[in-house]
Amino acid sequence: MAAPMELFCWSGGWGLPSVDLDSLAVLTYARFTGAPLKVHKITNPWRSPSGTLPALRTSHGEVISVPHKIITHLRKEKYNADYDLSARQGADTLAFMSLLEEKLLPVLIHTFWVDAKNYVEVTRKWYAEAMPFPLNFFLPGRMQRQYMERLQLLCGEHRPGDEEELEKELYQEARECLTLLSQRLGSQKFFFGDAPASLDAFVFSYLALLQQAKLPSGKLQAHLRGLHNLCAYCTHILSLYFPWEGAEAPPPRQTPANPETEEEPYRRRNQILTVLAGLAAMAGYALLSGIVSIQRAPSARAPGTQALGMAEEDEEE
């Protein structure tokens, strides 16, 4: 019997099954198709077999870490949410996916990772509280730099030199994108009728983060909340496919008979990395603060140990 497929993704928060855009999209697609996945919701990307999240370990042991490739693999395994779509609907899916990435993704990155108030009070706060020590001291900052680099790539050569002008342009395009999505959805349950498709998984992941997070600076969030059909669309998917994640008080989790079995492949690696990182941080602090200083002083050696002492000095230099 083949091993089950395993999905490693960021843990949930803000009433969502995951606070990460890519993880949320993959989770939603899997729920739409009923794919039999063993889901590991974690807050330490080093516990993932690829070192990044989300990541899928297939039944054959292959590791896939790109969201679109994960969904492509699920389709190959006969879990295809787009099976009943017409050729025109397939073309519309590609067009709207491109629109999301071009118009909405830059503003999502800006909202959660660049806007100072949102980053400090919401994004960094969640990751710092969720991540284990000492990762919570440096990983949120590293993630912010990666997202800022990604934003620069998305903006490309058309990026205005003035940051305020860039922000104004990005948010204007995002508002137009949301309005277009609202018009396209209309009064339907999903974008192509009564059954969800891959487009719904990606649209939901974008909109749900904006709708659910309590943002102190919510320029685009206010516009989204004025589009009532999109808000009802997100609420419908949450209540239908993620009933416990969307609730205020999720049910208590059952403790497995052997809780160490799930984490066993990564436990020793995590312990070693955590100890090394902690020792490096303490040593660096001690050196920088002057608690510990390194001085070279000549020392008298016995004649019999002179050759050995020279070898040690050469190695140090």
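The values are calculated or read from the model by the stated rules, or taken from the named source; none is laboratory data. Not measured: the values here are computed from a predicted model. Glycine also receives a Cβ, built like all others from the backbone with ideal geometry; neighbour counts cover every protein chain displayed. All accessible areas refer to the heavy atoms of the entire protein, side chains included, with ligands and DNA or RNA removed. Shrake-Rupley method; radii C 1.70, N 1.55, O 1.52, S 1.80 Å.
Filter the cross-link list Lys103/Lys214; Lys38/Lys189; Lys117/Lys189 down to pairs whose alpha-carbon distance in this structure exceeds 31 Å. Exceeds cut-off: Lys117/Lys189.
Ranking of His73, His60 by solvent-accessible surface, largest first: His60, His73 (1.4 Å probe, protein heavy atoms only, all chains present).
Work out, in µm²/s and without decimals, the Stokes-Einstein translational diffusion coefficient of the range 96-216 at 4 °C, 1.567 mPa s, Rh from Kirkwood over C-alpha pairs.
Calculated translational D: 82 µm²/s.
Taken along the Cα-to-beta-carbon direction at a fixed 7 Å, the label points for Lys76 and Val63 span 1.8 nm.
If Lys and Arg each add +1 and Asp and Glu each add -1, what is the summed charge of the other residues whose beta carbon sits under 14 Å from the beta carbon of Lys76? Show your work: numbers first, answer last.
Numbers: positive: Lys69, Arg75, Lys78; negative: Glu62, Glu77, Asp82.
Neighbourhood net charge equals 0.
Each of Thr235 and Glu129 was given a label point 7 Å from its Cα along the Cα-to-Cβ line. The distance between the two points is 2.5 nm.
With both partners inside the range 6-242, how many of the DSSP beta bridges are antiparallel, as a percent to the nearest 5?
Working: 7 of 12 bridges.
Among the beta bridges of the range 6-242, antiparallel pairing accounts for roughly 60 percent.
At 1.4 Å probe size, with the rest of the protein present, what percent of the exposed accessible area of the range 6-242 is carbon and sulfur atoms? Before the final figure, lay out each step's value.
Details: 5620 of 11060 Å².
Within the range 6-242, the accessible surface is 51 percent carbon and sulfur.
Check Ser217: other-chain or 5+ apart residues with amide H under 5 Å from its amide H, H built from backbone geometry? Counting only residues 5 or more places away or on other chains, the set is Asn118. Judged by the ratio a/c of the largest to the smallest principal axis of the C-alpha gyration tensor, the range 6-242 counts as oblate, that ratio being 1.5 or greater while a/b is no larger than b/c.
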